[in-house]
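Undergrad: Have a look at this one.
Quick note: the coordinates plus some simple rules give every number you see, no bench work behind them. Not measured: the values here are computed from a predicted model. Heads up, the Cβs are rebuilt from the backbone with ideal geometry, glycines too, and the neighbour counts pull from every protein chain shown.
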Amino acid sequence: MNILVVVVVVAAVLLALVLLFNSLVGRRNEVDNAWSQIDVQLKRRLDLIPNLVETVKGYAAHEKATLDAVIQARNSAIGATSSPNAQAAADSAVTGALRQLFALSEAYPDLKANQGFVSLQEELSNTESRIAYARQFYGDAVLSYNTAIQKFPASLVASSFKFTQREYFEAEAAARTTPEVKF
Amino acid sequence: MNDLIASNKRRTFFLLTGFIVITVLVGMAVGVLIGNGATGTIIALVFSAVFAFGSYWKSDSVALTVSRAVPADPVEFRRLHNLVEGLCIASGLPKPRVFVIRDDAPNAFATGRNPKHAAIAVTTGLLEKMNRVELEGVVAHELSHIKNYDILVSTLAVTLVGTIALITDITIRMMWWNGGRVSRGNDRRDSTNPLAFVGIALLILAPILAKIMQAAVSRRRETLADVSACKMTRYPPGLISALEKLQADSTVTHSASMATAHMWIEQPMSGVNDAGRLGMWHKLFNTHPPLAERIALLREI
């Protein structure tokens with residue numbers, strides 16, 4: 001009779017361990033998925049840029065400096081796959097260059113009236129929203145995962161199987177100040 | 001916000017448990033009265049569950065057909081589609097099918113048995129009267145219904161109401177046929193068994209109690225959807241402003257009916273809201289909390 005009790009208890013403990021481990025795996029994969037979602041939106045933004053540059057060139061070809069800055073930023077963003085930090089820096093460079101480009105377009109009423117330009121502007125603004133939403137979702141996923149591996153008794157499983165904490169997405173210092181637009 | 005959501009879910013659980021307790025009590029009352037409590041309850045439960053879950057399975061197509069909703073054209077309603085897609089990214093939901101209803105009254109609903117088979121519908125009145133952040137708040141509220149499996153919860157509630165209604169109805173009929181005799185197995189017994197009166201009282205009151213509980217569950221889930229929506233958008237003023245506009249607007253939604261009333265973001269029936277003060281009786285049966293209360297709660301977040 002005693003052996004039966006021991007077997008049942010051991011089986012229950014093992015089952016609990018398996019369930020805990022599986023739920024941690026699920027949450028960690030959600031964090032990875034959320035991170036790649038941000039990448040999807042960032043890539044979408046990069047894909048919109050060539051069309052935008054061509055449209056603007058049609059009306060403001062002599063604004064070489066700004067146009068070149070945008071193309072330059074885009075190319076380095078595509079190439080920057082070395083580390084997440086390098087990628088984040090490249091993406092914020094793209095944001096800055098795009099901001100200058102749109103500020104510039106204020107001086108060209110013909111450009112602003114162009115249907116193609118307007119719809120590209122909308123698409124880009126839409127993509128910026130999605131990037132923000134994707135980052136929000138990543139933050140939620142990280143919160144859920146970090147909390148799960150810190151809670152007891154999951155923390156025991158987490159440390160034995162090397163589940164490490166994930167980092168939140170941090171806006172760089174530059175993003176926290178209000179951007180200055182120079183005409 | 002997270003603890004508001006957690007407490008809301010707890011209260012729903014307790015309400016549904018209370019519901020089940022009432023069902024069991026009714027079953028016991030039936031047992032006292034016609035000696036067949038357990039079987040009767042189970043049969044009623046099965047019938048009710050089959051009907052309710054059958055309609056739950058098809059809830060999306062039924063609700064959409066009844067409201068005369070049409071699929072929202074991606075070009076004509078691009079702003080709406082973009083909003084829905086953005087919020088789905090923020091909440092991790094798959095994108096539901098988007099429908100539009102040609103009606104001047106601002107309103108919206110969500111339906112579908114799980115996030116993969118979901119649909120949301122908005123009226124053209126809502127699209128015209130709300131600005132971007134308000135529309136975002138309303139869409140987030142509807143998506144929260146989908147995310148929190150509210151259709152499933154309300155189906156559970158409807159199943160229990162149906163069960164109770166069926167049992168009480170059949171039992172009262174059987175008692176009439178029996179000529180008022182109590183407990184068939186004891187023919188000689190005096191029918192002044194005191195439990196019989198309690199049983200009868202419970203049978204008469206139970207359906208009303210069940211309806212009240214169903215409305216209470218519905219109100220709880222509406223509040224939960226409000227709070228979840230703010231968590232999704234991280235911008236409570238959007239939904240607050242939308243609710244304030246709904247409060248000021250008095251157009252009646254024509255495509256709604258009592259049967260679908262619980263799914264909309266705001267009561268589609270007019271005449272229930274007299275100058276903002278609801279009669280005590282009406283308050284018990286409301287599927288939505290009063291708008292003033294909802295706005296006050298959201299301001300506290």
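Undergrad: What number, rounded to the nearest 500 deg cm²/dmol, is the helix-based mean residue ellipticity at 222 nm of chain A, given -39500 (n - 2.57) per DSSP H run of at least four residues and division by all its residues?
TA: The helix contribution divided over chain A gives -28500 deg cm²/dmol.
Undergrad: Per residue of A:65-78, what is the mean number of Cβ atoms on other protein chains within 10 angstrom of that residue's Cβ?
TA: For this peptide, the per-residue mean of nearby foreign Cβ atoms is 0.
Undergrad: Which of A:M1, B:M1, B:M28 comes first, and how do the rest follow, when ranked by fewest Cβ neighbours within 10 Å?
TA: So the ranking, lowest neighbour count to highest, is A:M1, B:M1, B:M28.
Undergrad: Which of A:G96, A:G139, A:G79 ends up with the largest GNM mean-square fluctuation for chain A, with Cα atoms connected below 10 Å?
TA: Result for chain A, Cα springs under 10 Å: A:G79 fluctuates most.
Undergrad: In a Debye calculation with equal point scatterers on the alpha-carbon sites of chain A and no solvent, what is log10 I(q)/I(0) at q = 0.15, 0.16 Å⁻¹?
TA: For the requested q values the scattering log ratios are -0.92, -1.00.
Undergrad: Can you tell me which aspartates and glutamates have their Cα less than 18 Å from the Cα of A:K57? Leave out same-chain residues fewer than eight positions away.
TA: A:D47, A:D68, A:E106, A:D110
Undergrad: Round to the nearest 10 and give me the degree value, 0 to 90, for the angle of helix A:115-150's Cα axis relative to the longest principal axis of chain A.
TA: Value to nearest ten degrees: 20.
Undergrad: Follow-up. Given the pairs B:K147/B:K245; A:K43/B:K116; A:K162/B:K95; A:K64/B:K129; A:K112/B:K147, which are separated by over 32 angstrom at their Cα positions?
TA: Over 32 Å Cα-Cα: A:K162/B:K95; A:K64/B:K129; A:K112/B:K147.
Undergrad: Relative contact order of chain A, please, whole-number percent, based on alpha carbon pairs below 8 angstrom and at least 6 residues apart.
TA: Computed value for chain A: 32 percent relative contact order.
Undergrad: For A:D110 and A:S36 in one chain, what is 0.36 nm times their gap in residues minus the Cα-Cα distance, to one decimal in nm?
TA: The span from A:D110 to A:S36 would gain 22.8 nm if fully extended.
Undergrad: Then there is this: Can you tell me the 0 to 90 degree angle between the C-alpha axis of helix A:64-79 and the longest principal axis of chain A, rounded to 10?
TA: 20 degrees
Undergrad: Beyond 17 Å, how much of the Cα-Cα pair distribution for segment A:49-117 remains, as a whole percent?
TA: 41 percent
Undergrad: Mind checking the dipole of segment A:29-133: about its Cα centre, +1 per Lys or Arg Cβ, -1 per Asp or Glu Cβ, Debye to the nearest 20?
TA: Charge dipole, segment A:29-133, about its Cα centre: 180 debye, nearest 20.
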